[in-house]
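Notes follow once the structure below has been shown.
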Amino acid sequence: ADEIPAGGGAIVRRGLDKLAVYRDEQGRVHERLAKCPHLGCLVHWNPSETTWDCPCHGSRFDRYGKVINGPANKDLAPTERSREQRAA
């Protein structure tokens with residue numbers, strides 16, 4: 001995740017999990033689980049649209065993991081680390 005440039009995103013492995021990691025323009029890192037909530041496919045970073053796109057059925061999520069196009073009807077799930085950061 002340290003190698004992701006500001007405004008960029010990438011899939012990063014942490015243990016058994018694959019994470020969708022976005023670094024905003026201020027350098028803050030935002031993490032979500034990279035599994036699409038529709039049927040579990042792995043999302044991919046789309047740098048031209050700055051979105052997370054699911055190649056299986058076309059769901060799209062904004063850079064922070066919020067659903068913007070279905071068929072997924074839920075956001076990308078938060079990671080344990082992102083839950084802890086929100087609680088702090």
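The values are calculated or read from the model by the stated rules, or taken from the named source; none is laboratory data. Remember, it's a predicted structure, so these values are computed and weren't measured experimentally. Here Cβ is always computed from backbone atoms with ideal geometry, including for glycine, and neighbour counts include all displayed protein chains. Side chains included, ligands, DNA and RNA excluded: accessible areas come from the protein's heavy atoms. Shrake-Rupley method; radii C 1.70, N 1.55, O 1.52, S 1.80 Å.
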Give the residue that is modelled with the highest pLDDT, with candidates limited to residues of the stretch 2-11 that are assigned to a loop (DSSP other than H, G, I, E, B) and open to solvent by 60 Å² or more (accessible area, probe 1.4 Å). Pro5
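With respect to Arg81, is the statement that it is open to solvent by less than 50 Å² (accessible area, probe 1.4 Å), closer than 17 Å to Val12 by Cβ and either modelled with pLDDT under 95 or not in a loop (DSSP other than H, G, I, E, B) (or both) true?
Values: open to solvent by less than 50 Å² (accessible area, probe 1.4 Å): no; closer than 17 Å to Val12 by Cβ: yes; either modelled with pLDDT under 95 or not in a loop (DSSP other than H, G, I, E, B) (or both): yes.
For Arg81, the condition - open to solvent by less than 50 Å² (accessible area, probe 1.4 Å), closer than 17 Å to Val12 by Cβ and either modelled with pLDDT under 95 or not in a loop (DSSP other than H, G, I, E, B) (or both) - is not met.
Filter the stretch 12-28 down to residues that are more than 8 Å from the chain's Cα centre (by Cα) and either within 23 Å of Gly58 (Cβ to Cβ) or open to solvent by less than 50 Å² (accessible area, probe 1.4 Å) (or both), then give me how many there are.
Adding up the residues that qualify gives 5.
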I'm trying to understand the selection: among the residues of the stretch 13-60, which are part of a strand (DSSP E or B), more than 20 Å from Asp2 (Cα to Cα) and in contact (Cβ under 8 Å) with a residue 24 or more places away in the chain? Lys35, Leu42
Going by what's in this entry, would Pro71 be described as touching a Lys or Arg at 6+ places or on another chain (Cβ under 7 Å) and in contact (Cβ under 8 Å) with a residue 24 or more places away in the chain? no
